[in-house]
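Visitor: Here it is, the structure, as C-alpha cells.
The values are calculated or read from the model by the stated rules, or taken from the named source; none is laboratory data. Just so you know, these numbers come straight off a predicted model, no measurement behind them. All Cβ positions, even for glycine, are placed from backbone atoms using ideal geometry, and neighbour counts span all protein chains on display. The area values use the complete protein model at the heavy-atom level, side chains included, leaving out ligands, DNA and RNA. Shrake-Rupley method; radii C 1.70, N 1.55, O 1.52, S 1.80 Å.
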Amino acid sequence: MFKKVLIANRGEIALRIVRACREMGIRTVAVHSTADSSSMAVRLADESVCIGPPRAKDSYLNIPSILTAATLTGADAIHPGYGFMSENSDFARKVEEHGFAFIGPSPEIIDKMGDKVEAKRTVRALGLPVVPGSEGEVPTAEEGLELAKSMGFPVLIKAASGGGGKGMQIVRHPDYFKEAFNTARSEAAANFGDDTVYIEKFLEAPRHIEIQIFGDQHGNAIHLGERDCSIQRRHQKLIEEGPSPVLTDEQREEIGSLAADTVRKLGYVGAGTIEFLYEGGQFYFMEMNTRIQVEHPVTEMITGIDLVAEQIRVAAGQPLTVQKQNLRFRGHCIEVRINAEDPNDFTPSPGRIDQFHAPGGLGVRFDSAIYGGYTIPPYYDSMIGKLIVHGRTRDECISRLQRAIRETVITGIKTTLPLHQWILEQPEFISGDYTIHWLEKKLKDKPKV
Ligand code: MV4
C-alpha cells in the first residue's frame, strides 16, 4: 500500500481524500495555491506545499510544480480528484513517468474516452446502446445533411472533443442544417482546437442517468448502481439522487450489468461513470467519465462503500473489496450541491463566511471544507459543499433534506440553499416526473427565494 499520497486538488474533494487516507493510515500532502493557504485540506493533511499563485493555470494545472512537490515530499501516488488534472492524459502519463502511481485509469483509456467519437464507437462495439447517428465523424455539411434527412429531424451536431454540452447545435429543419454545421465546426475548433463533429438524433425529453462502475488490475469489474442527475442548469448538476425514481430493479440490473461487462472488456482500472440519456424506457450511452465524481457520495450512502478508499486500493494493485454477491443497495439518497452564488441570478458570491453551523442528525452527511471565518476565494468553482441525506425511501429523503437545509447556517455570503428548498417543494420534483429541461423551464416563473 502507498505510504504517502499527494492530493492535486482543492476544496471539499481534497478534504474528502485526506479523510480516506487518514482512515487507511496513509500520509497526505496537500498542494495549494497562495489563495488556499488557510484551507481545511491544508490544515488536516500531514504536509502541504504551496505550488503557485491563485490562478489555476499557475498552480492546480501546473504539472511541473505538482511533480516537483511530489518528488520533494517523497509521495508515492497522486490523487487528482475531479476537475483540474483528473482527466488530463498528459498529466497521468507524466505522473507515471516520474515513478508515481496515478490514482485513476491509464492515460490510454482517458484519451479514448475523451474523444467522444472514439468513445461511442468503442462502447457500441462492446455492447452498450448508443444514440442513433453518424458512424463516426461527419466530414462535410453536404454529407451531414443527407444523413440527417435519412435519420429524420431534429438532429444534434456534437464536437468530438466536446462534452459538457459545449459546441452542440440542435437542428430542427433541413434548411438550417448547413449553417448550424458550420457554426458547430468553428465553435469546436475555437473551443477545443479540433473541428471534428458528429451527428445524433436529438432526444427531446430525456433524463440523465449514470452508472457508477469500478474495475481493478485483476480483471474484475462491477457496477454500483445508478445516480439520476436530471436536475441541472446550463450543464451544471444541482441535485443528484439514487436510485432513479423511474427505474425498476430489473432495468437497473440490465443496464448495470451491460456497463460492468463493458468496463471488464475495456480492462478499465479504477472508478468511472458511464453516463446515459434515458427516454421512452431506453438507455443511450452519452459519455464515460474517467474520474471520481462530485456526486459519488450518493453511491457511497446506498452501498456503504468508501469509493475514494477503493480507488486508492485498486491503484495500489489490490483486488476490489466489493463483489457482486456481497453488494446490497440500501434505501435512497439525495445530494444537493451548495454553491456560493446568488440563488436567484446565480452570480458568484465569494467572501468571508461569518457564521457556520453544519446540519446533522440521522442520515445527514455534509461534505465541505468550509468553516466559520473562512474566506471563499473568487478564483475557483463556486461549489462550497454538498449536503447528502440517506433514508429508507425517497419521501423520507425529501423531508430529511428540507429539515437539514432549515438547520444549516451559512452567513456572510449568498448560497444556493434557498433555491434547493424551493425545488424540494415543487410537485414535479416530489413526484419524480421531470426531464433534464424541467429546472430551466421552471426557473423562468420562479418567485425570488
Ligand atoms: C444529447 C441530448 C439530446 N440528444 N444528445 C449535453 C451534454 C453533453 N454531454 C450531451 N448533452 C446532451 N446530449 C442527444 N442525442 C441532450 C443533451 C443535454 C443534456 C444532457 C444531460 C444533462 C443535461 C443536458 C442538458 C441539455 C442537453
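Visitor: What are the residues in segment 173-197 that are surrounded by 23 or more Cβ atoms within 10 Å (Cβ to Cβ) and either under 23 Å from the mean Cα position of the chain (by Cα) or assigned to a strand (DSSP E or B) (or both), if any?
Guide: Matches in segment 173-197: Ala188, Val197.
Residue-by-condition table, conditions (1) assigned to a helix (DSSP H, G or I); (2) more than 25 Å from Asp111 (Cβ to Cβ):
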position	(1), (2)
Arg22	yes, yes
Ala30	no, yes
Ala35	yes, yes
Ser38	no, yes
Pro54	no, yes
Leu61	no, no
Ile66	yes, no
Gly83	no, no
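Visitor: Which one of Phe91, Phe84 is under 26 Å from Phe192 (Cβ atoms), aromatic (Phe, Trp, Tyr) and open to solvent by 30 Å² or more (accessible area, probe 1.4 Å)? It would help to see each step written out before you state the result.
Guide: Working: Phe91 fails: open to solvent by 30 Å² or more (accessible area, probe 1.4 Å).
Just one listed residue meets the conditions, Phe84.
Visitor: Just to check your reading of the model, which residue among Ile51, Ile78, Ile26, Ile63 is open to solvent by 20 Å² or more (accessible area, probe 1.4 Å) and not assigned by TED's automatic domain parsing to the domain that holds Glu310?
Guide: The unique qualifying residue is Ile63.
Visitor: Checking the conditions here, which among Leu203, Leu258 is touching a Leu at 6+ places or on another chain (Cβ under 7 Å), more than 16 Å from the ligand (Cβ to nearest atom) and of a type outside the set (Ser, Thr, Tyr)?
Guide: Details: Leu203 fails: more than 16 Å from the ligand (Cβ to nearest atom).
Just a single option satisfies the conditions, and that option is Leu258.
Visitor: Okay, next question. Gly163: in a loop (DSSP other than H, G, I, E, B), within 15 Å of the ligand (Cβ to nearest atom) and open to solvent by 10 Å² or more (accessible area, probe 1.4 Å), yes or no?
Guide: Considered against the rule, which asks whether it is in a loop (DSSP other than H, G, I, E, B), within 15 Å of the ligand (Cβ to nearest atom) and open to solvent by 10 Å² or more (accessible area, probe 1.4 Å), Gly163 comes out as yes.
Visitor: Sticking with this structure for a sec: Those residues that are open to solvent by less than 60 Å² (accessible area, probe 1.4 Å), more than 26 Å from Gly432 (Cα to Cα) and charged (D, E, K, R), I need them from segment 306-340; list them, please.
Guide: Selection gives Asp306, Glu310, Arg313.
Visitor: Just checking: which of the strands (runs of 3 or more DSSP E) contained wholly in segment 215-301 hold 3 or more residues that are under 17 Å from Lys386 (Cα atoms) and at pLDDT 95 or above? Show your work before the answer.
Guide: Values: elements: 221-233, 236-242, 270-279, 282-289.
Strands (runs of 3 or more DSSP E) meeting the threshold: 221-233, 236-242.
Visitor: Of the residues that make up segment 363-384, is at least one over 27 Å from Leu424 (Cα atoms), crowded, with 20+ Cβ neighbours inside 10 Å and among the polar types (S, T, N, Q)?
Guide: No, that holds for no residue.
Visitor: Across segment 336-345, what is the number of residues that are assigned to a loop (DSSP other than H, G, I, E, B) and within 22 Å of the chain's Cα centre (by Cα)?
Guide: 2
Listed here are the residues, each with its yes/no results for (1) within 16 Å of the ligand (Cβ to nearest atom); (2) hydroxyl-bearing (Ser, Thr, Tyr); (3) touching a Cys at 6+ places or on another chain (Cβ under 7 Å).
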{"position": "Tyr284", "(1), (2), (3)": "yes, yes, no"}
{"position": "Asn289", "(1), (2), (3)": "yes, no, no"}
{"position": "Gln293", "(1), (2), (3)": "yes, no, no"}
{"position": "His296", "(1), (2), (3)": "no, no, no"}
{"position": "Thr303", "(1), (2), (3)": "no, yes, no"}
{"position": "Val314", "(1), (2), (3)": "no, no, no"}
{"position": "Gln318", "(1), (2), (3)": "no, no, no"}
{"position": "Asn326", "(1), (2), (3)": "no, no, no"}
{"position": "Arg337", "(1), (2), (3)": "yes, no, no"}
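Visitor: Restricted to segment 346-374, and to residues that are within 25 Å of the chain's Cα centre (by Cα) and hydroxyl-bearing (Ser, Thr, Tyr), which residue is nearest to Gly11 (Cα to Cα)?
Guide: Ser368
Visitor: Something else now. Any idea which residue in segment 130-147 is nearest to Lys265 (Cα to Cα), counting only those that are touching a strand residue (DSSP E or B) at 6+ places or on another chain (Cβ under 8 Å) and open to solvent by less than 40 Å² (accessible area, probe 1.4 Å)?
Guide: Ranking the qualifying residues of segment 130-147, first place goes to Val130.
Visitor: Return only the number of the condition from (1) more than 10 Å from the ligand (Cβ to nearest atom); (2) closer than 30 Å to Leu320 by Cβ; (3) of a type in the set (S, T, N, Q) that Ser230 does not satisfy.
Guide: Checking Ser230 against (1) more than 10 Å from the ligand (Cβ to nearest atom); (2) closer than 30 Å to Leu320 by Cβ; (3) of a type in the set (S, T, N, Q), the one that fails is (1).
Visitor: Evaluate segment 427-449: report whether one residue or more is of a type in the set (S, T, N, Q), within 16 Å of the ligand (Cβ to nearest atom) and surrounded by 14 or more Cβ atoms within 10 Å (Cβ to Cβ).
Guide: yes
Visitor: Looking for something of a type in the set (A, V, I, L, M) and either open to solvent by 40 Å² or more (accessible area, probe 1.4 Å) or within 17 Å of Gly256 (Cβ to Cβ) (or both) - is there at least one such residue anywhere in segment 279-291?
Guide: Yes, that holds for at least one residue.
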